[in-house]
Amino acid sequence: MARLFLLPIVLCLFWTLFLHLTGVPLKQGKKGYIYIIAISATLILSLGFLTWLTAGQNLRN
């Protein structure tokens, strides 16, 4: 869970590489960055909430 913050960074690097290799300007690929950050933030927040929600169950055992 601690390394999950690297997900958007790695995905953005791959997106930049893809845009560069296909010859698409970064300004035109801006929407892709927004999608990457939004989906990654949703995933990180969801997993963080589930971890917080189930943290009390580990203490009872």
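The values are calculated or read from the model by the stated rules, or taken from the named source; none is laboratory data. On a predicted model such as this, the values are computed, not experimentally measured, just so you know. Virtual Cβ from ideal backbone geometry, glycine too; neighbours counted across all protein chains shown.
Residues in the range 13-29 that are aliphatic (A, V, I, L, M) and surrounded by 12 or more Cβ atoms within 10 Å (Cβ to Cβ): 19, 24, 26. For the residues 32, 48, the requirement of being of a type in the set (Gly, Ala, Ser), modelled with pLDDT of 90 or more and surrounded by 11 or more Cβ atoms within 10 Å (Cβ to Cβ) singles out 32. Residues in the range 1-13 that are free of Cβ contacts under 8 Å to residues at least 24 places away in the same chain and closer than 15 Å to residue 39 by Cα: 6, 9, 10.
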